[in-house]
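S.K.: Before I ask anything, here is the structure I am working with.
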Amino acid sequence: MADRVTVIGWDGSPLTAAARGALGAATLVAGAAHHLALPEVPPRAERIRLGSVALAARRIAGHRGTAVVLADGDPGFFGVVRTLRAPEFGLEVEVVPAVSSVAAAFARAGMPWDDAQVVVAHRRTLRRAVNVCRAHTKVAVLTSPGAGPAELGLLLEGVHRTFVVCEELGTDREQVHIVTSDKAADRAWRDPNVVIVIGGPAGPVTAAEGGGWIAGRDPSAGPRGWVQPDTEYGDGAALGEGETDLLRAAQLARLGPRVGDLVWDIGCGSGAFATEAARAGAAVIAVDRDLAACLRSETAARKFGVQLQIVHGGAPHVLENLPEPDVVRVGGGGAAVVTAVADRRPQRIVTHAATRDAAELIGRDLTEHGYDVECALLQSVELDTRAWTETERNVAFLLSGVLPERAP
């Protein structure tokens with residue numbers, strides 16, 4: 001095992017005395033090509049070109065001598081330190097940090113970033129990174145080959161965003177470009193780059209504005225509770241039978257929307273469910289054939305400071321061109337829409353039925369599509385607590401399907 005392992009972050013500025021000292025004593029140096037070309041790298045040191053960090057870690061673990069790993073930006077922030085410290089390698093490391101590429105990108109843009117989401121986009125995580133960009137107004141994306149500005153722009157089709165693309169930060173080839181998301185695929189981009197994705201409506205005004213207390217999304221923004229009273233939605237009009245607050249609470253609990261998910265809300269009605277799924281941090285596409293419902297959903301989203309992509313059209317045919325969902329609520333359309341949704345294989349589907357016959361039909365269809373199905377008869381009774389008399393009663397069959405192959 002290496003006698004000493006030092007990880008040095010590099011942001012393009014001259015190396016510190018500590019970094020130069022560690023490099024001068026190194027018998028093994030690992031890094032990208034531009035790191036290994038630095039004049040401070042000892043000519044007799046063994047050099048490892050970093051591709052797979054895990055493979056490099058195995059080489060370092062078997063090395064007798066002093067090792068240095070060079071990395072761009074802060075190596076402890078989505079960097080190599082996590083891999084090197086994995087128990088399977090048994091490496092203890094010292095870290096010489098540098099300014100992270102995310103901090104540098106926001107500095108170039110002249111923007112604060114304590115309120116930004118930060119995601120890493122690889123080929124396998126690109127879709128989830130895009131969903132975060134759909135759901136939040138300020139996101140920094142650490143890209144990789146095949147998951148860069150062009151791919152982000154293509155997958156954000158239908159959602160307008162502004163990209164600040166920072167190429168090769170800290171080098172003499174550094175460039176910063178500002179483009180709209182729909183134009184990002186029209187050109188080639190140099191790696192490595194960081195993309196700041198901004199746009200969409202601003203969140204609700206909170207006491208933390210002008211001096212936040214937590215990085216990223218403020219969990220205290222907006223009112224407490226997963227669901228809000230029915231009176232908060234619909235512009236004073238009564239909500240549909242599938243939108244009552246207790247049913248919404250059960251639907252949210254079954255679906256569990258989270259950051260990185262894409263939720264479809266089909267038959268969005270007043271926008272109550274769509275808004276509350278978005279408040280959980282998920283990206284949401286709200287669909288309704290009724291233009292008035294789309295407008296009510298847009299109003300609800302503005303009121304609560306969340307972002308919805310609203311699609312006016314009838315299901316199931318309007319669903320054909322939508323991006324793949326993780327979880328889906330079917331608020332209207334019955335068995336035909338549930339079948340079309342199940343064909344797309346989301347992890348979870350939730351819907352409701354007014355009668356047992358309709359519930360059995362939907363349940364059989366979900367089962368035939370390979371879903372594990374649960375059905376519960378939900379009844380809620382509102383009481384006037386002054387006289388303890390019944391004022392309203394709602395009854396519905398709640399159906400939920402979980403696809404085992406894509407669970408949890």
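S.K.: Give me, ordered by chain and number, the residues 5 or more places off A30 or on other chains with an amide H under 5 Å from its own placed amide H.
M.R.: Those qualifying (amide H under 5 Å, at least 5 residues apart or on another chain) are I48, V68, V69, L70.
S.K.: When DSSP assigns beta bridges and you keep just the ones with both residues in the chain, what percent turn out antiparallel, to the nearest 5?
M.R.: Bridges in the chain are about 50 percent antiparallel.
S.K.: Within the chain, what's the longest stretch lacking GluC sites (Glu not before Pro) that sit in DSSP loops with no more than 15 other Cβ atoms inside 10 Å?
M.R.: 210-408
S.K.: For the stretch 253-408, what class follows from the C-alpha gyration tensor (a ≥ b ≥ c being the square roots of its eigenvalues): rounded when a/c is under 1.5, otherwise prolate if a/b is larger than b/c, else oblate?
M.R.: oblate
S.K.: So for the chain, taking the charge dipole from beta-carbon charges (+1 Lys/Arg, -1 Asp/Glu), which of V338, G65, A105 sits furthest toward the positive end?
M.R.: My answer, from the dipole projection, is G65.
S.K.: A follow-up question, please. Quick check for me: using +1 on Lys/Arg Cβ and -1 on Asp/Glu Cβ, what's the dipole size of the chain about its Cα centre, in debye to the nearest 20?
M.R.: 1400 debye
S.K.: Length gain on complete extension for the stretch F78 to E46, per 0.36 nm per residue less the alpha carbon to alpha carbon distance?
M.R.: 8.9 nm
S.K.: Collect residues whose amide H, placed 1.01 Å from N in the peptide plane, falls under 5 Å from the amide H of H352; neighbours closer than 5 in sequence don't count.
M.R.: Counting only residues 5 or more places away or on other chains, the set is L399.
S.K.: ³J(HN,Hα) across the stretch 121-136 via Karplus (A = 6.51, B = -1.76, C = 1.60, θ = phi - 60°), whole Hz, x for Gly/Pro?
M.R.: Computed from phi, the couplings for the stretch 121-136 are 10, 10, 4, 7, 10, 4, 4, 5, 4, 5, 4, 5, 5, 5, 8, 10 Hz.
S.K.: Taking 8 Å as the Cα distance limit and 6 or more residues as the minimum spacing, I'd like the relative contact order of the stretch 227-284 as a percentage.
M.R.: So the answer I get is 36 percent.
S.K.: Give me the base-10 log of I(q)/I(0) for the chain at each q in 0.06, 0.13 Å⁻¹, Debye formula, one uniform scatterer per Cα, rounded to two decimals.
M.R.: One equal scatterer on each Cα of the chain leads to -0.33, -1.07.
S.K.: I'd like the projected area of the stretch 1-86, averaged over all directions, using the convex hull of its alpha carbons. Report it in nm² with one decimal.
M.R.: Quarter of the Cα hull surface area: 5.0 nm².
S.K.: What are the ³J(HN,Hα) values, in whole Hz, obtained from phi via the Karplus relation 6.51 cos²θ - 1.76 cosθ + 1.60 with θ = phi - 60°, for each residue of the stretch 36-48 in sequence order, with x given for Gly and Pro?
M.R.: 5, 8, 4, x, 6, 6, x, x, 8, 6, 5, 10, 10
S.K.: With just the Cα atoms defining each centre, how far is the stretch 312-350 from the stretch 123-149? Give it in Å.
M.R.: Cα centroid of the stretch 312-350 versus Cα centroid of the stretch 123-149: 24 Å apart.
S.K.: Could I ask something else about it? Only Lys, Arg, Asp and Glu count, each charged at its Cβ (+1, +1, -1, -1), so figure out the dipole size of the stretch 67-171 about its Cα centre, rounded to 20 debye.
M.R.: Charge dipole of the stretch 67-171: 480 debye, to the nearest 20.
S.K.: Quick one: dipole size for the stretch 193-324, taken about the Cα centre, charges +1 on Lys/Arg Cβ and -1 on Asp/Glu Cβ, in debye to the nearest 20.
M.R.: 320 debye
S.K.: Same structure, new question: What percent do you get for the relative contact order of the chain when only Cα pairs under 8 Å and 6+ apart count?
M.R.: Computed value for the chain: 11 percent relative contact order.
S.K.: On full extension of the chain, what length is gained from A376 through Q175, given 0.36 nm per residue of separation minus the C-alpha to C-alpha distance?
M.R.: Full-extension gain reported as 66.6 nm.
S.K.: Of all the accessible heavy-atom surface of the chain, with the other protein chains kept in place and a 1.4 Å probe, what percent is carbon and sulfur?
M.R.: 53 percent
S.K.: Which one of L55, G271, F77 has its Cα pushed farthest toward the positive end of the charge dipole of the chain, where Lys and Arg give +1 and Asp and Glu give -1 at the Cβ?
M.R.: L55
S.K.: Continuing with the same structure: Between R124 and A292, how high is the FRET efficiency from 1/(1 + (r/R0)^6) when r is the Cβ-Cβ distance and R₀ = 35 Å? Nearest 0.05.
M.R.: Plugging the Cβ-Cβ distance into 1/(1 + (r/R0)^6) gives 0.30.
S.K.: Next question. Give, in nm to one decimal, the length gained when the segment between D343 and H317 is fully stretched (0.36 nm per residue of separation minus the Cα-Cα distance).
M.R.: 8.1 nm
S.K.: Please give, to one decimal in nm, the separation of the simple spin-label points placed at L246 and L36, each 7 Å out from Cα toward the Cβ.
M.R.: So the label points at L246 and L36 sit 6.7 nm apart.
S.K.: Right, next: Exactly which chymotrypsin sites (Phe, Trp or Tyr not before Pro) in the stretch 323-408 are in a DSSP loop and have at most 13 other Cβ atoms within 10 Å?
M.R.: Answer by residue number: W388.
S.K.: Given the rule -39500 (n - 2.57) for each run of at least 4 DSSP H residues, summed and divided by the residues of the chain, what is its mean residue ellipticity at 222 nm, to the nearest 500 deg cm²/dmol?
M.R.: Rounded to the nearest 500, it is -7500 deg cm²/dmol.
S.K.: Which far-off residues, 5 or more places away or on another chain, put their amide H under 5 Å from the one on V96, with H placed in the peptide plane?
M.R.: Hits under the 5 Å cutoff: V7, I8, G9.
The values are calculated or read from the model by the stated rules, or taken from the named source; none is laboratory data. Predicted model only: the values in this text are computed from it and were never measured. Glycine gets a Cβ as well: all are built from the backbone with ideal geometry, and neighbour counts include every protein chain shown. Ligands, DNA and RNA are excluded from the accessible area calculation, which covers all protein heavy atoms including side chains. Shrake-Rupley method; radii C 1.70, N 1.55, O 1.52, S 1.80 Å.
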